[in-house]
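What follows is calculated from the coordinates using simple rules that are stated; it is not laboratory data. Predicted model only: the values in this text are computed from it and were never measured. With ideal geometry, Cβ positions are generated from the backbone for all residues, glycine too; neighbour counts draw on all protein chains shown.
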Amino acid sequence: MNLRQRTSIEEIPVEKTRWRNALSHDDETDLVQYIEWCARVSQPLTKREVIMRASKIAQLRAAEVPGASHANMTRTLSQMWWLLFTKRHPKLRIGEASQIFASCTTVKPTAVRN
């Protein structure tokens, strides 16, 4: 068998060519729910905070794998991960809380008058 035959695309198993996600579906769902909760209580996470929390989840998952490399246990997720994450979840509110939303959490419903 020559080199061209050994490297043909047809012979590469599909499972070896799939993109490996940094976070599992469940981990990403939990992260999205946490981001949404923070936004609801007027404490939205910044881009940096989201990336750091997601990186920490990925590091903890890598540490659970026997024989995981040091690089996987210390890696920080990239800008490309962030872009794809925001594309998958376009409705997330990321950034600083506005004064209006921040004040909503401090006002008691009985204090509001017509």
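What the table below lists for this structure:
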read-out	value
Cα pair count fraction exceeding 20 Å, expressed as % - segment 20-93	29
Listed peptides 35-48, 74-87 by packing density, highest first (mean Cβ within 10 Å)	35-48, 74-87
